[in-house]
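No value in this document is a laboratory result; all are computed from the given coordinates. Since we're looking at a predicted model, the values are computed, not measured. Quick reminder, even Gly has a Cβ in these numbers, built from the backbone with ideal geometry, and neighbours come from all protein chains shown.
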Amino acid sequence: MQATTPQLVRIPVGRGHVEGALEASHHSQGLVIFAHGSGSSRHSPRNNYVARVLRERRLATLLVDLLTPEEDRTPALRFDIPLLTQRLLVVTDWARRQPATAPLPLGYFGASTGAAAALRAAAALGSVIRAVVSRGGRPDLAPARDLAQVQCPTLLVVGGCDEEVLALNRSAAAQMPGPKALAIVPGATHLFEEPGALEAVAGLAADWFVQHLTAPGAPASGGQ
């Protein structure tokens, strides 16, 4: 696989901008945009590990902070799902306009509260988003009307010991009409800190995205 170099990107939002790290190559067969959880950022070690595994499978990655540096100083905004969703939509529109990423099928990887934003954005964009993966996500923070509009294949990955979140994910999955799967990582807690747990998450996510983003004949998202 061809090595990639992170490219710092600044995406305009309102009167400011958000920053992200884009890694793509001529061999990339899809783009996965990461929506981080509350208090996390594009520097998240867990998300960066997953991103490295995805790039090994020829998937481009965009890890972006959905809040400006000024906004991130207000903790309550990290839980503002409508705002995070709107920012994710702006980032997605930006990616669809860049020469390096415009032709690539799109997927979302959402962690914790970021999963709710990813699902709401996927509901709004319809066929533009080809797949979603949630890691320890809180899909219950997305309104039922949005969950009912998620048509793309969605994988919900939850730790086997994260019982409350597991119940919330089961309930959310039942409300999503599109193809979905619930993957339980045995012995893992919410942050997947146990030996081998994060590796399991990355493997599950990579398989899901490869299946749904790089399948022969899969249409690109387009650059309009």
| query | Once amide H atoms are built 1.01 Å from N in the peptide plane, which residues 5 or more positions from V185, or in another chain, come under 5 Å H to H? | reply | V158, G159, G160
| Considering only the chain, percent of DSSP beta bridges that pair antiparallel, nearest 5 | 30 percent
| Compactness of region 103-159, expressed as Rg and Dmax over alpha-carbon positions, Å | 10.3, 34
| query | In what order do T189, T61 fall by count of nearby beta-carbon atoms within 10 Å, going from fewest to most? | reply | T189, T61
| Summed residue charge, Cβ within 12 Å of P186's Cβ, Lys/Arg positive, Asp/Glu negative | -2
| message | Is there a quick way to get the dipole size of region 7-213? I mean about its Cα centre, with the Cβ of Lys and Arg at +1 and of Asp and Glu at -1; what is the value in debye to the nearest 20? | response | 620 debye
| remark: Sorted by chain and number, the residues with a modelled amide H under 5 Å from that of V13, at a separation of 5 or more or across chains, are V18
| In which sequence would Y108, Y49 go, from the one with the fewest C-beta neighbours within 10 Å to the one with the most? | Y49, Y108
| message | Name the residue from L66, L83, A123 whose Cα lies farthest towards the positive end of the charge dipole of region 7-213, charges +1 on Cβ of Lys and Arg and -1 on Cβ of Asp and Glu. | response | A123
| Evaluated over the chain, the Cα radius of gyration and Dmax, each in Å | 15.8, 45
| query | If eta is 1.567 mPa s and T is 4 °C, what Stokes-Einstein diffusion coefficient results for region 1-115, Kirkwood Rh from Cα pairs, in µm²/s? | reply | 92 µm²/s
